[in-house]
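Undergrad: Take a look at the following structure, please.
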Amino acid sequence: QVQLVESGGGLVQPGESLRLSCVASGFPFSSYAMSWYRQAPGKERELVARITSGGSTNYADSVKGRFTISRDNAKNTAYLQMNTLNPEDTAVYYCNARWVQNRYWGQGTQVTVSS
């Protein structure tokens, strides 16, 4: 069956870095656009970054220059490198896979940025 399993979240101090991973199975990973979304308490889920099957990327304005999305099709894995984290980045981060009308979600991983 389809699975997206996120990992790499945790508690960090402002200015520090984290790398999130999303391991996919059960569908042709290389054909799917992969995205990272996040949802902070009391807020709507928002798109953080997306990478297409061809490798094109786009980012939310709030993370441009700090976050980098990438993918390794040989490992069926998408990554989100997050640098210079600040408290406003605190949220549950979700991995998403999309191709045409097919859309899959992971269970989420918590990122907390606090001193």
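Undergrad: What is the log10 of I(q)/I(0) for the stretch 17-84, computed with the Debye formula using one identical point scatterer on each Cα and no solvent, at q = 0.13, 0.21, 0.28 Å⁻¹?
TA: Values returned for q = 0.13, 0.21, 0.28 Å⁻¹ are -0.36, -0.88, -1.30.
Undergrad: Another question, if that's okay. Of all trypsin sites (Lys or Arg not before Pro) in the stretch 42-115, which ones are in loop regions per DSSP and have a Cβ with at most 14 other Cβ atoms within 10 Å?
TA: Details: sites: 43, 45, 50, 64, 66, 71, 75, 98, 103; in loops: 43, 45, 64, 66, 75.
In loop regions of the stretch 42-115 (DSSP not H, G, I, E or B), the sparsely surrounded trypsin sites (Lys or Arg not before Pro) are 43, 64, 75.
Undergrad: Measure of size requested: the Rg and Dmax of the stretch 49-115, with Cα atoms as the atom set and Å as the unit; please supply both.
TA: In order Rg, Dmax, the Cα atoms of the stretch 49-115 give 12.9, 42 Å.
Undergrad: Using a 1.4 Å probe over the heavy atoms of the protein chains, calculate the carbon and sulfur portion of the accessible area of the chain as a whole percent.
TA: Values: 2750 of 5970 Å².
Percent of accessible area from carbon and sulfur atoms in the chain: 46.
Undergrad: Same structure again: Taking θ = phi - 60°, what integer Hz values does the Karplus form 6.51 cos²θ - 1.76 cosθ + 1.60 yield along the stretch 103-115, in sequence order, with x for Gly and Pro?
TA: 8, 10, 10, x, 8, x, 9, 7, 10, 10, 10, 7, 8
Undergrad: A further question follows. Could you tell me the calculated FRET efficiency between residue 81 and residue 1, based on Cβ-Cβ distance and R0 = 35 angstrom, to the nearest 0.05?
TA: Numbers: r = 29 Å, r/R0 = 0.82.
The value I calculate is 0.75.
Undergrad: Spelling out what I want: for every residue of the stretch 27-37, take phi, set θ = phi - 60°, compute 6.51 cos²θ - 1.76 cosθ + 1.60 (Karplus), and round to whole Hz; glycine and proline get x.
TA: 7, x, 3, 5, 8, 9, 6, 10, 9, 10, 10
Undergrad: When the chain is modelled as a GNM with alpha-carbon springs shorter than 10 Å, which of 74, 49, 40 fluctuates the most?
TA: Sorting by GNM fluctuation, first place goes to 74.
Undergrad: In addition: Search the structure for amide H atoms under 5 Å from the amide H of residue 10, placed 1.01 Å from N in the peptide plane, and list their residues when 5 or more places away or on another chain.
TA: HN-HN under 5 Å from residue 10: 111, 112.
Undergrad: A follow-up question, please. Please provide three numbers in whole Å: the alpha-carbon extents of the chain along the principal axes, with the largest listed first.
TA: Computed over the chain, the largest-to-smallest principal extents equal 41, 25, 24 Å.
Undergrad: Can you list residues whose amide H is under 5 Å from residue 16's amide H, if they're 5+ apart or on another chain and H is modeled 1.01 Å from N?
TA: For residue 16, the qualifying residues are 85.
Undergrad: Next question. Could you give the accessible area per residue of the chain, probe 1.4 Å, as a whole number in Å²? Display every interim value, and only then the final one.
TA: Working: 5970 Å² over 115 residues.
The answer is 52 Å² per residue.
Undergrad: Moving on. Across the stretch 82-88, in residue order, what do the Karplus-derived ³J(HN,Hα) couplings come to in whole Hz, using 6.51 cos²θ - 1.76 cosθ + 1.60 with θ = phi - 60° and x for Gly and Pro?
TA: Values, residue by residue: 10, 10, 6, 5, 10, x, 5 Hz.
The values are calculated or read from the model by the stated rules, or taken from the named source; none is laboratory data. Since this is a predicted model, take the numbers as computed values, not measurements. Glycine also receives a Cβ, built like all others from the backbone with ideal geometry; neighbour counts cover every protein chain displayed. SASA here: full protein model, heavy atoms, side chains in, ligands and nucleic acids out. Shrake-Rupley method; radii C 1.70, N 1.55, O 1.52, S 1.80 Å.
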